[in-house]
Amino acid sequence: MIEVSFIVEEAPEGGFTARAVGADIFTEADDLPALHEQVRDAVRCHFDEAVTPVLIRRC
């Protein structure tokens with residue numbers, strides 16, 4: 001199983017940011033539900049369909 005962990009932080013200018021641990025993935029959104037969707041979309045774009053992680057974890 002492939003797993004990607006993200007560090008989620010409040011952005012100084014408002015909203016939230018998420019950056020992957022061990023992968024070059026970064027995204028941001030105005031609220032946590034939107035950030036969740038942005039993270040899923042960023043992961044799908046970053047990995048080939050055959051190796052898309054099954055587990056996305058917030059740390």
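The values are calculated or read from the model by the stated rules, or taken from the named source; none is laboratory data. Predicted model, so just to flag it, every value in this text is computed and none were measured. Don't worry about glycine lacking a Cβ; one is built from the backbone with ideal geometry, like all the others, and counts go over all protein chains shown.
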When (1) surrounded by 11 or more Cβ atoms within 10 Å (Cβ to Cβ); (2) at pLDDT 95 or above are applied to E10, the one that fails is (1)
When every residue in the stretch 42-59 that is loosely packed, with under 11 Cβ neighbours inside 10 Å and either more than 19 Å from E9 (Cβ to Cβ) or in contact with a helix residue (DSSP H, G or I) (Cβ under 8 Å, 6 or more places away or on another chain) (or both) is compared, the one modelled with the lowest pLDDT is V54
